[in-house]
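Worksheet: one structure, shown below.
The values are calculated or read from the model by the stated rules, or taken from the named source; none is laboratory data. Everything numeric here is computed off the predicted structure, so don't read it as measured data. Don't worry about glycine lacking a Cβ; one is built from the backbone with ideal geometry, like all the others, and counts go over all protein chains shown. Side chains are part of the model used for accessible areas, which takes the heavy atoms of the whole protein and leaves out ligands, DNA and RNA. Shrake-Rupley method; radii C 1.70, N 1.55, O 1.52, S 1.80 Å.
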Amino acid sequence: MRGTLMTGFVLLALAGSVAARPAEPAPLPERMVDTGGGTQLITAEAADTAATTGTVTWWSLRADGWTRVGSAPARFGEGGLVEGERREQGTGTTPTGLFGLPYAFGVDAAPAGIRYPYRRADDRSWWCEDNEARAYNRWVEPLPADCRASEAEHLTDYPTQYAHAFVIGFNYDRPVRGRGAGIFLHVNGHGATAGCVSVPAEALDRIMEWAEPGRAPHIAIGTTTGPTAITRY
């Protein structure tokens, strides 16, 4: 009888331990308001708006829900992060929000296995960031007369960062002048970015091999908590 009672106490204690164990949180995309409507998603998450580092994770939606495919350490703007609609050009901040990925590009040849539209940069390739230019926040070849070189990026001047990159669709479809231009997901440089998101080269190559235009991948950029929490997008 004593042995039976002891066994019962042990089972009750184990049951209580299991019941007290917190449930595993749902995958990040399942906690978001919007994932873009596709079956692929990249999340770029920082601890708070003052952070210049965080994590990029790429996810695939399968029959049983969102599954993490891979992740890598990320870098953000030297000015931290700010809500995309309140961002100001020249502040070195990374815009938060949910954005499309119009196309990939690079100074180097396209990675093996890429299925995404890819544009290779050469000496004629610029990204116009001049608020007065008609081609504001667009790739131009050659640099048009109304886009000052001092207000544009000569893409081949950044062979490390732009070896491979994705255009992030921030302020892209209907550009608001003064909000910012040339926001990319690119390869790490020496430190924090000027407003882009960057990851190690090998991670970006893996993302490029994984991304499929037909699955409508988006990128969500945000913080862990607060008004710019990634789950609000």
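Please give the contour-minus-distance gain from residue 224 to residue 64: 0.36 nm per residue of separation, less the Cα-Cα distance, rounded to one decimal in nm.
55.1 nm
Quick one: among 92, 37, 79, which has the greatest mean-square fluctuation in a GNM of the chain with alpha-carbon springs under 10 angstrom?
37
How much length is gained on full extension from residue 48 to residue 157, taking 0.36 nm per residue of separation minus their Cα-Cα distance?
36.1 nm
Going 7 Å from the Cα of residue 33 along its beta-carbon direction, which residues of the range 151-172 have the amide nitrogen within less than 16 Å of the resulting point?
none
At a 4.7 angstrom Cβ threshold, list every cysteine in the chain that has nobody to pair with, or say none.
When partners are defined as cysteine Cβ atoms under 4.7 Å apart, the chain leaves 196 without one.
Can you give me the accessible area per residue for the chain, using a 1.4 Å probe, in Å²?
Normalised by residue count, the accessible surface of the chain is 49 Å².
Quick one: Cα centre-to-centre distance for the range 28-53 and the range 109-136, in angstrom?
Each part's Cα centre sits 25 Å from the other's.
Just check the range 91-233 against the gyration tensor rule for me: Cα atoms, a ≥ b ≥ c as the square roots of the eigenvalues, rounded for a/c under 1.5, and otherwise prolate or oblate depending on whether a/b exceeds b/c.
The shape class here is oblate.
Carbon and sulfur: what percent of the chain's accessible surface (1.4 Å probe)?
Here it works out to 52 percent.
List, in order, the whole-Hz ³J(HN,Hα) value for each residue of the range 77-90 obtained from phi through the Karplus relation with A = 6.51, B = -1.76, C = 1.60 and θ = phi - 60°; use x for Gly and Pro.
x, 4, x, x, 10, 8, 3, x, 6, 10, 5, 10, 4, x
State the extension gain, in nm to one decimal, for the chain segment bounded by residue 108 and residue 172, taking 0.36 nm per residue of separation less the distance between their alpha-carbons.
20.7 nm
What number, in percent, do you get for the relative contact order of the chain if the mean sequence gap of Cα pairs under 8 Å and at least 6 apart is divided by its residue count?
27 percent
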